[in-house]
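The values are calculated or read from the model by the stated rules, or taken from the named source; none is laboratory data. What you see is a predicted model; the values in this text were computed from it and never measured. Ideal geometry is used to build each Cβ from the backbone, glycine not excepted, and the neighbour counts take in all protein chains shown.
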Amino acid sequence: MFDKFFGKFSKDIGVDLGTVNTLVYVKDKGIVINEPSVVAINVRTEQILSVGKEAREMVGKTPAHISISRPLSHGIIADFEVTEKMLRYFIDKVHEESFTFVPRPRVVIGAPLEITEVERKAIEDATLAAGGREVFIVESPMAAAIGARMPIEEAVGNFIVDIGGGTTEIATVSLGGVVTWKSIQIAGEEMNKNIIHYARDVFNVLIGERHAEKIKIQAGSALPPKEPITYAMRGRDLITGLPKEVPITDGEIREALARSMNTIIESIKATLEMTPPELIVDIHERGMLLTGGGALLRGIDRVIAQATGIPVRIADDPLSCVVIGMGILLDNANLLHEVAVPSSRERE
């Protein structure tokens, strides 16, 4: 009874707790927070200095007493305490304009497909400790499919590829559940590392992660673009130790990304091979959907379509599909209870 009473006044939220970015959706308001999953900590006092964009600006620029923490690795919690503090910061930010006595929110939060019960419990515990009243964990590809308005409750095959920051989640969804799936730790961050290694091995230049990401966004592609792209790559010369600028072409970036792209494509094929024939027919007719930041790589849809022989489309808002799906679930209690992962607390 009290839960129903508090539910009328609480600001229920959906959280896409990503390796690279965390998005927060508030019921009746939409997406209110889109911040990097980065925390700056003073190691002398254990004090949180900044969270999100401000902390990300400090990456690679901090003195010895400031540590930059990325508390999530490949979609799972790597540092429980820092994750809890980051979630508390975001929940408090949502409620900062509210009255003093606002009930704690219900929280719908995403998790990768390949997650252990211990890792799932860590997400629940961190969310409750950060201020959540009740926690519902939903698999990220399922939330992305709901956010993209795919008919997941119907008896048809829905094929989704969510290329995030830390993981690529591939799933066939039908009748409100995941039928076949594959989760790999090759995604946006690994592509950045590919460019860093390529710059070091080919050009003898050491570049940072943020610069590698800029190169990927500005000049990266999976297929040759209509007009050649050249980007000025800046870093430290490994021979002289001095600053150096060299041009890198879109072709060289494709060469750097080739291994990651091939792994993603082979994983998509492997998931299709495991999918029941009746659902394969649906997928061949309906095509597959790409979501996540990796879907924004130029030409990635055409490369996957050529490799699989299946039509591929990119979601209208690939970066926000997961958190929008959680927002839809906040308004649909029946569907939420159907797709939510069983709570570890219930098992206890």
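Sort out which residues of the range 38-64 are in a helix (DSSP H, G or I) and buried (at least 21 other Cβ atoms within 10 Å of the Cβ), and write them in order of number.
Result: Ala55, single match.
Taking the range 250-269 on its own, how many of its residues are out of contact with any Ser or Thr (no Cβ under 9 Å at 6 or more places or on another chain) and basic (Lys, Arg)?
Residues in the range 250-269 being out of contact with any Ser or Thr (no Cβ under 9 Å at 6 or more places or on another chain) and basic (Lys, Arg): 1 in total.
Pairs under 7 Å by beta carbon, first residue among the hydroxyl-bearing types (Ser, Thr, Tyr) in the range 101-130, partner part of a helix (DSSP H, G or I), six or more apart or different chains?
Sorted first by the residue in the range 101-130, then by its partner, the pairs are Thr127/Leu87.
Could you figure out which of (1) crowded, with 17+ Cβ neighbours inside 10 Å; (2) touching a residue at least 40 places away in the same chain (Cβ under 8 Å) isn't true of Met274?
(1)
Give Leu329, Leu297 a once-over and let me know the one that is in contact (Cβ under 8 Å) with a residue 40 or more places away in the chain and in the same structural domain as Lys269 (by TED's automatic domain parsing).
That would be Leu297, the only listed residue that is in contact (Cβ under 8 Å) with a residue 40 or more places away in the chain and in the same structural domain as Lys269 (by TED's automatic domain parsing).
Determine which member of the set Ile229, Ile239 is free of Cβ contacts under 8 Å to residues at least 40 places away in the same chain and touching a strand residue (DSSP E or B) at 6+ places or on another chain (Cβ under 8 Å).
Ile229
Scan the range 190-212 residue by residue and report those that are part of a helix (DSSP H, G or I), surrounded by 14 or more Cβ atoms within 10 Å (Cβ to Cβ) and of a type in the set (A, V, I, L, M).
If the condition is that a residue be part of a helix (DSSP H, G or I), surrounded by 14 or more Cβ atoms within 10 Å (Cβ to Cβ) and of a type in the set (A, V, I, L, M), then Met191, Ile195, Ile196, Ala199, Ala212 are the ones that fit.
Filter the range 285-313 down to the residues that are over 16 Å from Met261 (Cβ atoms) and among the hydroxyl-bearing types (Ser, Thr, Tyr) and list them by number.
The answer is Thr291, and nothing else.
Mind listing whichever residues of the range 247-271 are assigned to a strand (DSSP E or B) and either in contact with a Leu (Cβ under 8 Å, 6 or more places away or on another chain) or surrounded by 16 or more Cβ atoms within 10 Å (Cβ to Cβ) (or both)?
Answer for the range 247-271, where residues must be assigned to a strand (DSSP E or B) and either in contact with a Leu (Cβ under 8 Å, 6 or more places away or on another chain) or surrounded by 16 or more Cβ atoms within 10 Å (Cβ to Cβ) (or both): just Ile248.
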